[in-house]
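Quick note: the coordinates plus some simple rules give every number you see, no bench work behind them. All of these numbers come straight from a predicted model, not from anything done at the bench. Cβ placement follows ideal geometry from the backbone for every residue including glycine, while neighbour counts extend to all protein chains displayed.
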Amino acid sequence: MFPLIFRIYPLIWYNCQARPNRVSTKDRILAKSLELFNEGGARAVGTTHIGEALGMSPGNLYYHYRNREEIVSALFDRLEPEFRATLTADLDPPLSPKRFAAFYTQSFDVLWRYRFFFGALVDLLRRDPELAERYTAFQTWALKSLEAIAGQLVSDGSMKEPPPPDGLKAVATNTWLIWMNWIQFTQTTKADGSITRGDLAQGAFQTFDILKPYLAPKFRQAAIDILAEAAGEQTPLP
């Protein structure tokens, strides 16, 4: 008879091989919820729809998330760091046209992935005061970060400073206003309220126009070329 250790190790090895990494139940719920919210809108999708789409009992779903608001809040937990990364990564001066263009392409990628959130923003925040408080803090941070990026471009010599009285603060505010409202604006221009990746590419250019008049000519054209190339490469995503 083999020693016990030799009989146990093959079983351990077998179990490790036979059990590939599984997606957690919470991750499955969030992934399906995001898909359904983006397809039908957050207002139209409840926990019953999510459970049915997953083949999950109401009790099992409730064990992880008691209601739709908790699911939305958990999705915001993912949205926020994804957006923050678009404004904080690779900021060593001077900012290149490629990195500058990435602010727009990457932030609008985030907007696309969580389009349901911005399409129903006011309603979602009204339903969840805690989420509303978190969003306000997120927005305050974003405005300061956008202002700092514009200031860095001025320091780099890639942009002239916008005129007073508000200057950099004004362009940061206008940039944020277009970005956060682009989904709802696009929805109201179409009879069916649909959103496409092309709409988001247009939004990136529209947002870019805020700083465009102040950018140095060569820097501006290089950034435009990169944005145009990125827009041409976009393909439909779920």
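Tabulated values for the structure
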item	result
Distance between modelled label sites at Ser24 and Ser194, nm, 7 Å Cα→Cβ extension	3.6
C-alpha long axis of helix 68-88 to longest principal axis of the chain, angle in °	50
10 Å Cβ shell holding at most 15 others, DSSP loop, trypsin sites (Lys or Arg not before Pro): longest site-free stretch of the chain	67-159
Degrees separating the helix 25-40 axis from the principal Cα axis of the chain, which is the longest one	50
With Cα atoms, 0 to 90° folded angle of helix 217-233 axis to the chain main axis	30
Computed magnitude of the charge dipole of the chain (debye, nearest 20; Cβ of K, R +1, Cβ of D, E -1)	520
Calculated on alpha-carbon atoms, Rg and Dmax of segment 143-225 in Å	14.4, 45
Label zone at Lys218 (point 7 Å along Cα-to-Cβ), backbone N below 20 Å, segment 149-179	152-161
Alpha-carbon centroids, segment 151-220 and segment 46-75: separation in whole Å	36
Normalised per residue, the volume of the convex hull around the Cα set of the chain (Å³)	192
Spatially close lysines, pair count over segment 75-233: Cα under 15 Å, gap of eight or more or interchain	6
